[in-house]
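What follows is a short report on a single structure.
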Amino acid sequence: MATSDATPRLTMTGISKSYGGVRAIRNADFTVQPGSVNALVGENGAGKSTLIKILAGAESADSGTIRIDGKQVRIGSTSDAIRLGIQTVYQEPQLFDELSVAENFFIGREITRGPVIDWNAQAPRMLDLLALVGLDAKHASRPVGDLSIAQKQLVSIAKALLEDASVLILDEPSAILTDREIDTLFDVVRKLTQDGVSIIYISHRLDELFRIADEVTIMRDGNTVGHEPIEKLTVREIAERMVGGALSEGAREAGERGDVVLELQGLSAGESFSDVDLSVRKGEIVGLYGLVGSGVAEVGEVIYGMRRASAGGIAIDGKKTRIDSPADAKRRSIRMLPANRSQQGSFAFQNIAFNMTIGSLSKLGRFGTVRPRAERDIARRLIDRLAVKTPSEKQVISAMSGGNAQKVILARQIVDRPELLVLAEPTQGVDVGAKEEIHQIVSDLADQGTAVLVITTDLAEVLRISDRVVVFREGTPVREFGPDATQADLLAVAAGAEEEAA
C-alpha cells in the first residue's frame, strides 16, 4: 500500500446526483491511493452503485470534482473513463460465450494488417495478461462459454488491464465464487496492487474485507459516513455505521398463529443452499435475510417450483409434497411475488385488469372465454382493497409508478387468499409511502390466516414486517432472530461475524 502522504490515485469530492426529485448521493467523497485496495460498502440504496457509475462514465454527476493523480478530470462517458485508466469488472462477466477468449479480448479494438486481424501481433500482450491472472496460453483459444464463472471473471480482469488500467473497480467479485476461487481472486488483486494498480472493491461480505482491503469507505443514505484504515475497524463496527446504529424500531405486532402451513426438512438445491429446516405457521410472517449469493432467493424458487430441490423435502399442512412447477405450487394454494417483476411478474403493455386477473381465468368465464364484467369487478375490488392509485382498471401497467405497479402484481397473488404467500423483495424500487402500504397489506393478509415468507435484502424491511427472521450465509441458515433484533445484528451475522452479534 502507498504511504498516506502520496498523491492519491483517485479523489472524488462533493459528488452529488439526483434522479428527478430523488437525491441518490449527496456530497459524497471517495479516495484511493496508488497500489491500494479501498473497499466501498453500504446497504442497498446507500449510493455505492451511483458513485461507481459516475466514476465509470455511465452517469454524470450533478456537482463535485474528480481528480486522477492530482489532476482534475471530466468523465462524461465510458470512453472518457477508459481513456483515464478506469476499468470496471462487474459481478456478472460482460463477455460473449460464443467467442473465444482471444476474440473477447480484442473485440472492437483488433490489431489489423490491412483488412485482416493480425493475431500474432495481439498474442504477446494477451498471453502476458492471462498469465498475470493465473490462466495459461491454452485458454486463449477456448470459447468463453466453456469456462467456469471464476475463470470468466479472471478473463474480465485481464481484459480490463489491456488498456493499462490504473484504477480497477471490482463490483461484488466474490458473490458467486467458491472459497478456493476467492483465494485465487485475492492472489490476483495482490499482484495488481504490487504493480501499482488501485483497486475499488465493492462487497457485502464484510469479513472478507479484512483479508484484502487497506481502507474502507462506508456510505449510508447517499452520504459518505466513514473512511478508515481496515485495521481500525471490526465487522460489527462497519455494520453499525452502514445502518446508522442499532436500529429495531417499528416491528410488526404479531397476531395469533395457527398450525404449520409450510415445513422444509433438510431442503437442499445443489450449490445454492443446503440442509434448510424451516417452518411457517398460519398467520405468521417469517423473514429470510441474506446477502447476494447467500441462497435465500433460491429457497423461494424451490418452494414455488421454479427450481428443483436436490435433497430434502417440503411439507404443506403436514403432508410431504413434491412441487415440480409453479402450477403444482398454485394447486397447493401457494402464490409467489417474484423479485424480477419485469421479466417474471408483469405484462407491461397490458392493463391493470389483465395483470390482476391473468392468474385466475377460471373465475372470468368458462371454456376459454373471458367475461369482461367479471374481470372488471375483480380488478375494481382489488384496486380499492390495495389503494391502487389509478384513474381506471384500463390503465396500462407500464404507465404506473413503481409502487402502484407493485400493488397490481401483488393483487394477482391474492385474488383468492392463499395458504402460503412467498414474497421476494416485495418493495424493491418503490418509495417510502408505497413501501408502508405494501407492508400493511401483507400484515393484514397474515392477520387473516395466510402464512407469509418474506425474502429480502432490505434490513429495515425484514425487521419491520417479520415476526422472526432467519439469516442465511453461503447457502446455510446461520441464526434465527426474534423481534428484538437490530439491523446491525442481522448484517453482522450475514457478513460473517456471528461471534460479534452473539
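The values are calculated or read from the model by the stated rules, or taken from the named source; none is laboratory data. Only a predicted model underlies this, so the values are computations on that prediction, with no experimental measurement involved. All Cβ positions, glycine included, derive from the backbone under ideal geometry; neighbour counts span all protein chains shown. SASA here: full protein model, heavy atoms, side chains in, ligands and nucleic acids out. Shrake-Rupley method; radii C 1.70, N 1.55, O 1.52, S 1.80 Å.
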query: Among 77-90, 154-167, 58-71, what's the highest-first ranking by average C-beta atoms within 10 angstrom per residue?
result: 154-167, 77-90, 58-71
statement: The ³J(HN,Hα) series, computed from each phi in segment 77-93 with the Karplus coefficients 6.51, -1.76 and 1.60 at θ = phi - 60°, rounded to the nearest Hz and given as x for glycine or proline, is 7, 5, 5, 4, 4, 4, 4, 8, x, 9, 10, 10, 10, 8, 4, 8, x
field: Integer Hz, Karplus 6.51/-1.76/1.60 couplings in order for segment 8-19, x for Gly and Pro
entry: x, 5, 9, 9, 10, 10, x, 6, 10, 7, 10, 10
- prompt: Label 7 Å along Cα→Cβ of residue 137; segment 143-182 residues with amide nitrogen under 18 Å?
  reply: 143
query: Which FRET efficiency value, to the nearest 0.05, do you get for residue 225 and residue 377 by plugging their Cβ-Cβ distance into 1/(1 + (r/R0)^6) with R0 = 56 Å?
result: 0.65
query: What percent does the relative contact order of the chain come to when contacts are Cα pairs within less than 8 Å and at least six residues apart?
result: 15
- line: Here the residues of segment 64-97 lying in the modelled label zone of residue 58, meaning backbone nitrogen under 19 Å from a point 7 Å along Cα-to-Cβ, are 75-97
- request: First select every other residue whose beta carbon is under 13 angstrom from the beta carbon of residue 142; then total the charges, Lys and Arg +1, Asp and Glu -1.
  value: -3
query: Which cross-chain or sequence-distant (5 or more) residues have an amide H under 5 Å from the amide H of residue 422, H modelled 1.01 Å from N in plane?
result: 335, 336, 337, 453
task: First compute the accessible area of the chain with a 1.4 Å probe, then give the percent of it belonging to carbon and sulfur atoms.
output: 47
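Find out how many positive minus negative residues lie around residue 43, taking Lys and Arg as positive, Asp and Glu as negative, among other residues whose Cβ is under 13 Å from that of residue 43. If you can, show how the numbers build up before the last one.
Details: positive: 48, 220, 241; negative: 221, 240, 458, 461.
Overall, the nearby charge balance is -1.
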task: Find out how many positive minus negative residues lie around residue 295, taking Lys and Arg as positive, Asp and Glu as negative, among other residues whose Cβ is under 13 Å from that of residue 295.
output: -3
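Here are some pairs, 48/191; 159/435; 48/435; 48/71; 17/407; which of them have Cα atoms lying more than 30 Å apart in this structure?
Over 30 Å Cα-Cα: 159/435.
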- request: Return the percentage of antiparallel bridges among DSSP beta bridges fully within the chain, rounded to the nearest 5 %.
  value: 55
- prompt: Which cross-chain or sequence-distant (5 or more) residues have an amide H under 5 Å from the amide H of residue 227, H modelled 1.01 Å from N in plane?
  reply: 218
statement: Checking rank on 272-283, 310-321, 29-40, with mean other Cβ inside 10 Å and highest first, the result is 29-40, 272-283, 310-321
- line: Listed by chain and number, the residues whose amide H is under 5 Å from that of residue 449, excluding neighbours fewer than 5 places away on the same chain and using placed H, are 283
- line: Under the Karplus relation with 6.51, -1.76 and 1.60 and θ = phi - 60°, whole-Hz ³J(HN,Hα) for segment 405-421, x at Gly and Pro, equal 4, 4, 5, 4, 5, 5, 4, 4, 7, 10, 3, 10, 4, x, 6, 10, 10
statement: For the residue 444, residue 191 Cβ pair and Förster radius 51 Å, calculated FRET efficiency rounded to 0.05 is 0.35
Cβ crowding within 10 Å averaged over residues, with 128-140, 296-308 ranked highest first: 296-308, 128-140
message: So with the 1.4 Å probe, I'd like the accessible area per residue for the chain, rounded to whole Å².
response: 44
query: Rounded to the nearest 500, what is the chain's calculated 222 nm mean residue ellipticity when only DSSP H runs of at least 4 contribute -39500 (n - 2.57) each, over all residues?
result: -9500 deg cm²/dmol
task: Report the extension gain between residue 417 and residue 211 in nm, rounded to one decimal, defined as 0.36 nm multiplied by the number of residues separating them, less their alpha carbon distance.
output: 69.3 nm
- line: Which of [x] 35, 32, 22; [y] 43, 26, 24; [z] 44, 22, 21 is the computed semi-axes √(5λ) of the Cα gyration tensor in Å? It is [y]
